[in-house]
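Any read-out appearing in this document is the output of simple, stated calculations on the displayed coordinates, not a laboratory observation. Note that the coordinates shown come from a computational prediction; the quantities given were computed from them, not determined experimentally. Virtual Cβ from ideal backbone geometry, glycine too; neighbours counted across all protein chains shown.
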Amino acid sequence: MKAGKLWRRIVLAVMALYVLVPLVGVAEFALRMRRGVYSFDAFVEVFGDDRFQETFLYSCGMALVTVVIGVVLIVPAAYAVRLHAPRLRSFVEFVTLLPLVVPAIVIVFGYLRLYGSDSFLPLTDTDTGADALLAFGYVTLSLPYIYRSVDAGLTSMDVRTLTEAAESLGARPLTVMLRVVLPNIRTSVLSGAFLTAAIVLGEFTFASLLDRPAFGPYMQLLGANRAYEPAALSLVAFALTWGLMALIGAFGGRRPGS
Amino acid sequence: MSFLTLQGLRKSFGASVAVQDFSLEAERGEFISLLGPSGCGKTTVLRMIAGFEAPSAGRVVIDGEDVTHLPSRARRIGMVFQSYALFPNLTVEGNIAFGLKVAGMAKDAIAERVKEMLALIGLPQLAGRFPSELSGGQQQRVALARAVAIRPRILLLDEPLSALDAKIRVSLREDLRAIQRELGITAIFVTHDQEEALALSHRVVVMSEGWVEQVGTPAEVYRTPRTPFVATFVGTANVLPCRIVDAVSGRVALGSVEIDAAHALPERKVGDTVVLALRPEAISILPFDGATNSIAAVVRDVTFLGPVARLRLVIDGDVAVTVDLHGEAARALPDAGARVVLWFRPESLQFLDRREHNLEAG
């Protein structure tokens, strides 16, 4: 075996151990809830917990709302910047990256000051208002992921020429968007959407400080009070994230027309 | 009244002016080429007709309707792009049907029109393929079918053959011409390739630096170029600065050699400088001296190009001249350094204007 090949295998093996050993440890611990034997009791406990189902469904709904708002806002914006204001592209990119720089806790305290009980728009006073605020917060958090995915998708197609081709054939802007632009960046939009969903499902800061019944705070609560269930829950969360990543890979690999 | 009227079109981008005072009238069914080098403004003119660029000044009138301020979608034009611009998510059939669906045509009528278009471009067997599964030539045929499927008033072609290899370019060029003639559609074709422009067009508009240099039939533009730019851009030409010796008979001096140009120049006087164009193929090499317009020259180099041999010579010490010899004349070529006698007909000489702009084609 050549030295280069051997090194590659060693590096891969070390990487695999680094990732897998903690997971195997967590899994092993999660299965030891019943004294002396391995069992799925911790998983049964987690799945049987009403709060798990409630918070999980709430976060799934929130992820869906976030993705819809994000796509509706960001796809036309990224398209418009590319078509009509290409010079603004780097500025817009900078703005969309801000949520990665500004800590979530700063953003949420800003929200509480702006939309708290004493403000001109007290969104936090009602559940619906607080849900809306959480969704808007999640859209802000997802900006870097959705914008960059969409922008990468737009880079891969000749947006201007395809738009002009469609317009010359009589298409209105909405038709161009729905029948030309969106279908051709579908994989990018889906990648951004799944990434956003993965982030929303595990998000803690926004949901906790806005006091919403989301999956993130539930995981934290469980972790603070139980032993085996949090290990089972973290494996469930891992599986969810991996599932979403696999979907990104599946859709990302599919080319239009294939 | 003309079918397409472009009146005083001007386009500037900030301080830079892309198109200056462009006027053109095209008849229904006419094929007009806008010919010029990169950056001469030809594509900008096309984009103003299409509605993708708003003119800074001037009007675009199609079939009596002023469309200057109409969006592209309302102009009923068909456009073929250099990069094909087929929708990657749609099949060949879907691409051709796109404009028809947008127009709200009935399903049966769409299917019928798509079938007709596929037959027109000779690709009925590829209806279900995606653009990524087609060759460049096939993609451009589909783009052409998509553009004409909506029965546009004008077909705009933005260097549609430039991205194709030489053989396919020639075959598609012939098909393009046949389809345009068959449909009787008015076409504006942008190209930097003079051969394409001459082969396809009823008229050619030669452009340079945003200005129209000359408008005419391919033969006019080639045989009687009006400016040094046209003479050298369309084909090859010897551009010879001369002094007038006799304005009435059209006798001029090229350096110290006098030649007969056979054009009376009543508006010029003796000693004025004029510029003449002489095509390389209009010059012969004579075995003797003494005929009218026979000039002694020295061969600098000889290049064999297959059907033609190109000679570079010097007249009168410093005037460079190119001569193309064909057929029998190219069989026995002189060597570099040889002294020869050049001859040309006086009527082969073409007087060139100083740069004149604002030409309008009727």
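Within a straight-line Cα-Cα reach of under 19 Å, B:LYS269 can be paired with the following aspartates and glutamates, leaving aside sequence neighbours fewer than 8 residues apart in one chain: B:ASP246, B:GLU258, B:ASP260, B:ASP353. Other residues with beta-carbon under 12 Å from the beta-carbon of A:LEU143 carry, at +1 per Lys or Arg and -1 per Asp or Glu, a net charge of -1. Between the beta carbons of B:ALA291 and B:ALA338, assuming R0 = 25 Å, the FRET efficiency works out to 0.85 to the nearest 0.05. The range A:147-183 and the range A:202-243 have their alpha-carbon centroids 39 Å apart.
Given axes a ≥ b ≥ c from the Cα gyration tensor, I'd like to know whether chain A is rounded (a/c under 1.5), prolate (a/b larger than b/c) or oblate. Cα axes put chain A in the oblate bin. Comparing mean-square fluctuations of B:LEU70, B:LEU342, B:LEU100 from a GNM of chain B with C-alpha springs under 10 Å, the top value falls on B:LEU70.
Can you tell me the orientation of helix A:186-202 relative to chain A, as the angle in degrees between its alpha-carbon axis and the longest Cα principal axis, to the nearest 10? Here the helix axis deviates by roughly 40 degrees.
Ranking A:THR128, B:GLY271, B:THR303 by how far each Cα lies toward the positive end of the dipole of the protein assembly as shown (charges on Cβ) leaves A:THR128 at the top.
Estimated from helical segments only, the mean residue ellipticity of chain B at 222 nm is -7000 deg cm²/dmol, where each DSSP H run of four or more residues counts as -39500 (n - 2.57). For B:LYS101, the aspartates and glutamates whose Cα comes closer than 12 Å to its Cα, not counting residues fewer than 8 places off in the same chain, are B:GLU93. Computed about its Cα centre, the charge dipole of the protein assembly as shown is approximately 1200 debye, with only Lys, Arg, Asp and Glu carrying charge at their Cβ. When you restrict to C-alpha pairs under 8 Å that are six or more residues apart and normalise by the size of the range A:49-252, the relative contact order lands at 28 percent. Magnitude of the charge dipole for the range A:49-252, about its Cα centre and with charges confined to Cβ atoms of Lys, Arg (+1) and Asp, Glu (-1), is about 720 debye. Working from Cα pairs under 8 Å separated by at least six residues, relative contact order for the range B:37-122 is 16 percent. Centre-to-centre, using Cα atoms only, the range B:252-316 and the range B:1-79 are separated by 40 Å.
Think of the protein assembly as shown as a dipole: +1 on every Lys or Arg Cβ, -1 on every Asp or Glu Cβ, centred on the Cα centre; then among B:SER56, A:ALA80, A:TYR111, A:TYR111 lies furthest on the positive end. The relative contact order of chain B, computed from alpha carbon pairs under 8 Å that lie at least 6 residues apart in sequence, is 17 percent.
Where both bridge residues fall in the protein assembly as shown, DSSP classifies roughly 75% of the beta bridges as antiparallel. Highest mobility in the GNM of chain A, judged by mean-square fluctuation with C-alpha springs under 10 Å and restricted to A:SER119, A:SER188, A:SER142, is found for A:SER119.
Partners of B:LYS11 within straight-line reach, counting lysines whose Cα lies under 20 Å from its Cα and excluding those fewer than 8 residues away in the same chain: B:LYS42.
Here the simple spin-label model places points 7 Å from the Cα toward Cβ, and for A:ARG35 and A:LEU12 these points are separated by 4.5 nm. Taking a sphere under 14 Å around the Cβ of B:LEU311 and counting the other residues whose Cβ falls inside, with K and R at +1 and D and E at -1, yields a net charge of +2. For chain A, modelled as a Gaussian network with Cα springs under 10 Å, which listed residue fluctuates most, A:THR124, A:THR241, A:THR163? Of A:THR124, A:THR241, A:THR163, the Gaussian network model singles out A:THR163 as fluctuating most. With R₀ set to 25 Å, the beta-carbon distance separating A:MET245 from A:THR161 gives a calculated FRET efficiency near 0.15. In whole angstrom, how far apart do the alpha carbon centroids of the range A:1-57 and the range B:156-202 sit? After rounding, the separation between the Cα centres reads 65 Å.
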